[in-house]
Amino acid sequence: MTQSQPDPSVSDRSVTLSDQLTLACGQVLPNRLMKSALSEGLADTSHGPDTRLERLYSQWGAGGYGLVVTGNVMVDRRHLGEPGNVVIEDDRHAEQLARWAKTTTDGGSRIWMQLNHPGRQANPIASREQAVSPSGVAVAIPGIPAPRPLTESEIYDIIERFATAALVAESSGFDGVQLHGAHGYLVSQFLSPLVNRRTDKWGGDIESRMRFAVEVIRAIRAAVSPSFAVSIKLNSADFQRGGFTEEESRLVVERLAGEHIDLVEISGGSYESPAMMGRGTEPVKESTREREAYFLDYARTVREVAGEVPLAVTGGFRTRSVMVAALSSGDCDVIGLGRPTAISTSAAGSLLDGTTERLVSPVISVGAARRIKKVKSLEGALDLQWHTDQLHRLGAGKEPNPDRSAWRTVATMVERNGITAFRSSRRGFDTTAADAKAIKKFRFERLVGRYVANPMMRGLTALGISVSLMSDIETTGRKTGRVRRVPVSVKFDDAGAWLVSQHGTRSGWGANITSNPTVKLRQGKTWREGSAEFIHDDDVALRARTFAPNPFLGRLIGSTFAALQTTPVTVRVTFTDLPN
Ligand SMILES: Cc1cc2nc3c(=O)[nH]c(=O)nc-3n(C[C@H](O)[C@H](O)[C@H](O)COP(=O)(O)O)c2cc1C
């Protein structure tokens, strides 16, 4: 099959950044620089694109990119990757979508919409229903509930949804769509042998596991016109033991090359192992370090099977000369840029006109977490949110702030996404067993304590924000009669203290005070005696906010309790050791 037409102007010399690229659908990309998908979270309350997106994309549209790919747009409002995702289920937002596309194309770029279904990576706070996935295998992120397996008719419904969204994108003035087949979302869940344990035609060998991706691409192609670009972002591998491999990825590219596809963008990893952000669990090879781009070695090996289908590679590109080398060596045809475009919306223009040799891309890290091993995924999530914060600034008409503190982002992260925004690289376990569920909850809370609450407290203390709310409570075990001491958050006053029992009356100490309300509470270095009772009609979120002396920290605590997804109840301890 003939895919991209060789451009006569470039056939006798090596390709440069400013060369056009003609795609199989006939569309011409004005140059080889692509703004890769960056999820913006800037939809309005009905999940339509709002004016903040127009503000942001007018800058990218004029930023010199040959191609701008939108952040992932969801195809089902019941299942969202993040709060604030744009959703397309029909043409109800056609006018807003048209304005979004036009603000970009007016600047001279092409705009493609990335379409996605999060599957088991749905954000449980933003989503309305239990997550779905090929099988019921839970994501190895404590606190994310287990998904349920999709029925076959639901699989066909999702395929249809992708096609509908593509059609709406085309009629709203977008130049193409990109199927998000990477980073552990639904398409990549189908591809992964770890996640897809189906025994019907959608699971099993790689042929069956790629069926979903192929069917979605076919349905989209059938719905849109031949001049509309259809592409996919695909993982080179999942970077997980037993996961989707490079060899399997090559087979998928080979198959998709026969499906009238215009471009394959190569990435890798998932939020369990964020290789796409250069934070995978494997050490970075020397060759990768030199060539910056994380997936260029793989791209070279996929060239042959991709046939005429152009390849874009995204992840790690920062230096102009490295990008030029990647193109002129023929390893890829398009350079994908992610994070640098959130700091400099005109990154492409400055590379093309030679005013920039190296793009700015700060390393986002909180010192406390870096010391702890196995928190790459935590920092990956932080990196992601820090850049999302920049997109929100741009959407609000402000300049990006490369000096923004990572700690500020920790707060935003908990507020916007809940604790589930923090991803762990731990392995999952069988969530069907009741005891595994309890372990999962325990691990989640321990993780929150270790990797969120404690580093956060340390960081805030280092910043000079005093934290006086951490204390301990002593109750008497209802079964054992033994004293039990657990850490709690407390707001003291003269007559006693306010606490929040995270699991209401069901927590260990909650059940203890139901059977015996006599407690001790540590106030500084002194143990106070008191009597505890549940105040069921108290507004627990408001109460939690009053705990912190600093309003910023108070908001954080309020959302932390909300994000824990339990039913917390206020507890009042009245001191019994006061002098009469
Ligand atoms: C804030 C943020 C949001 C992202 N959202 C998406 C997304 O919606 N879809 C996607 O395919 N990749 C997404 N990515 C990954 C980027 O497209 C890209 O693969 C990654 O940032 C590596 O490229 P870079 O090193 O140039 O940043 C996101 C990355 C960041 C930082």
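Laboratory data are not the source of any read-out in this text; all were calculated from the coordinates shown. Keep in mind that this is a model prediction, so the values were computed, not measured. As a convention, Cβ positions derive from the backbone with ideal geometry for all residues, glycine included, and neighbour counts pool all protein chains shown.
Taking each residue as 0.36 nm, the span from R358 to A98 lengthens on full extension beyond its C-alpha to C-alpha distance by 90.2 nm. Annotation for the stretch 111-193: trypsin sites (Lys or Arg not before Pro) lying in DSSP loop with at most 13 further Cβ atoms inside 10 Å of their Cβ are R128. Volume per residue of the convex hull around the Cα atoms, evaluated for the stretch 125-240, comes out as 118 Å³. If the chain linking A495 and T22 were pulled fully straight, counting 0.36 nm for each residue of separation and taking away their Cα-Cα distance, it would gain 162.7 nm. Distances between placed amide hydrogens fall under 5 Å for V488 paired with S471, D472, I473, all partners being 5 or more residues away or on another chain. The slack in the chain from D537 to R300, taken as 0.36 nm per residue of separation less the alpha-carbon distance, amounts to 79.0 nm. When each of the peptides 291-298, 533-540 is scored by the mean number of other C-beta atoms lying within 10 Å of its residues, the order from highest to lowest reads 291-298, 533-540. In this simple spin-label model, placing a label point 7 Å from the Cα along the Cα-to-Cβ direction at both T576 and E154 gives a separation of 5.1 nm.
Rg ratio for the stretch 226-365: its Cα radius of gyration over 2.2 N^0.38 Å, N being its residue count, equals 1.05.
The phi torsions of the stretch 258-271, fed into the Karplus equation with coefficients 6.51, -1.76 and 1.60 and a -60° offset, translate into couplings of x, 10, 6, 9, 9, 6, 10, 9, 9, 9, x, x, 8, 6 Hz, rounded to whole numbers, with Gly and Pro shown as x. Close amide H contacts of A229 (hydrogens built in the peptide plane, cut-off under 5 Å, sequence separation of 5 or more or a different chain): G176, V177.
Loop-located trypsin sites (Lys or Arg not before Pro) across the stretch 199-237 with a Cβ neighbour count of 13 or fewer within 10 Å are K201, with loop assigned by DSSP. Taking θ as phi - 60°, what are the ³J(HN,Hα) couplings along the stretch 318-328 by the Karplus curve (6.51, -1.76, 1.60), each to the nearest whole Hz, with x for Gly and Pro? Going residue by residue, I get 9, 9, 4, 5, 5, 5, 4, 5, 5, 6, 6 Hz, with x marking Gly and Pro.
Checking every one of the GluC sites (Glu not before Pro) in the stretch 296-365 against DSSP loop status and a limit of 14 other Cβ atoms within 10 Å picks out E308, E357. Figure legend: label point modelled 7 angstrom from the Cα of R197 along Cα→Cβ; residues of the stretch 122-139 with amide N under 14 Å from it are 133-139. The stretch 210-245 and the stretch 296-330 have Cα centres spaced 19 Å apart.
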